[in-house]
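Here is the structure we will look at.
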């Protein structure tokens, strides 16, 4: 038989994440994520076909990524 304490299941209001703070953190992280995508896509564009093959990518896949807007994954 398993025993448990009722207090272990209860969460205090301080333990719940603040939704406004979480949203603010995500919004402030977006420019860095977008910049990282731009840099990664431009670097992949400059790689030769042998290096792309080592990464498991083809030239047409890299060109498709390069045409995507930076806010799309």
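Data for the structure
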quantity: Failed item, numbered, when residue 44 is tested on (1) part of a helix (DSSP H, G or I); (2) touching a helix residue (DSSP H, G or I) at 6+ places or on another chain (Cβ under 6 Å); (3) modelled with pLDDT under 95; calculated: (3)
quantity: Check on residue 24, modelled with pLDDT of 90 or more and exposed (fewer than 11 other Cβ atoms within 10 Å of the Cβ); calculated: no
quantity: Among residues of region 47-73, those that are in contact with a helix residue (DSSP H, G or I) (Cβ under 7 Å, 6 or more places away or on another chain) and either assigned to a helix (DSSP H, G or I) or exposed (fewer than 10 other Cβ atoms within 10 Å of the Cβ) (or both), counted; calculated: 7
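The values are calculated or read from the model by the stated rules, or taken from the named source; none is laboratory data. What you are looking at is a predicted structure, and each value in this text was computed from that prediction instead of being measured. Positions of Cβ are generated from backbone atoms using ideal geometry, with glycine treated the same way; all protein chains shown enter the neighbour counts.
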